[in-house]
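Encoded as structure tokens, the structure appears first; notes follow it.
None of the figures in this text is laboratory data; all of them are computed from the coordinates on show. As the structure is a computational prediction, the values presented were derived from the model and not from experiment. Because the Cβ atoms are built from the backbone with ideal geometry, glycine has one as well, and the counts that use them run over all protein chains shown.
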Amino acid sequence: MVATLGAIVNGTAQPILGVIFAKFLGILSAPKELLAEVFGEDFLQDEVTKFTIWMLIVAVVNGIAIVFQKYSFGYLGNKVTQRVREVLYVSILQKNIGWFDERDNGPSVLTSILSADAAAINGVGGESIGPTAESVFGMIGGIAVGFYWAPLQAVVCLLVSPIMVIGATID
């Protein structure tokens, strides 16, 4: 649960930062004299400070979420690996004594299988689930932000997304 929450925060941080940057650049692109005349002398400084604080908040929350996500998915991978090793070890111990006489079932082969298979499961279980979940939530967050700010462009992006996914899969 904590790992998924971390993936949600990490994935949605980029679309949120995109909105903050867009508003920030909108303020910075307006003529300074016009802003001072319409909103007052300190408006630009106040807006720059506000958006800087928002970016700092997003960065700190994202950093904390990264720690929780990496730790939780790592813990999950280690627990799954430990459980697979235990099941494999118990199944080896329950074999008939004659099974160990075969060349394919020697001690060196069995210890090699114990370490290789468990390491492969650890890589799949802990290290690859985190970035995948983060990407999925990032895409969902980006689509949500897109539909809020520019619905027609979001529809076009949504229609192009399968092509991008297929291209990334082929690569």
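Using the rule -39500 (n - 2.57) for each DSSP H run of four or more residues, divided by the residues of the chain, the 222 nm mean residue ellipticity is -29500 deg cm²/dmol.
Angle of helix 151-170 to the longest C-alpha principal axis of the chain, folded into 0 to 90 degrees and rounded to 10: 30°. Note on the chain: with charges restricted to the Cβ of Lys and Arg (+1) and Asp and Glu (-1), its dipole about the Cα centre is near 500 debye. So what's the net charge close to N10: Lys and Arg +1, Asp and Glu -1, counting the other residues with Cβ under 13 Å from its Cβ? Local net charge: 0.
Helix 2-29 and the longest principal axis of the Cα set of the chain meet at an angle near 20°.
Angle of helix 107-122 to the longest C-alpha principal axis of the chain, folded into 0 to 90 degrees and rounded to 10: 20°. Simple spin-label estimate for L56 and N78 gives 3.4 nm between the two label positions (7 Å along the Cα-to-Cβ direction from each Cα). Lys-Lys pairs in the chain that are eight or more residues apart or on separate chains and whose Cα atoms lie under 27 Å of each other come to 5. Here the label points at V90 and V165, each 7 Å from Cα along the C-beta direction, are separated by 3.8 nm in the simple model.
Using the Cα atoms of the chain to build a convex hull, what is its mean projected area in square nanometres?
Working: hull surface 60.1 nm².
The number I arrive at for the chain is 15.0 nm².
Take 81-94, 11-24 and order them by the average number of nearby Cβ atoms within 10 Å per residue, most first; the result is 11-24, 81-94. Rounded to the nearest 0.05, the FRET efficiency derived from the C-beta distance between T4 and L28 at R0 = 35 Å is 0.45.
Across the range 73-142, the relative contact order, built from alpha-carbon pairs under 8 Å that are at least six residues apart, equals 60 percent.
Comparing V136, V48, V61 in a Gaussian network model of the chain (Cα springs below 10 Å), the most mobile by mean-square fluctuation is V48.
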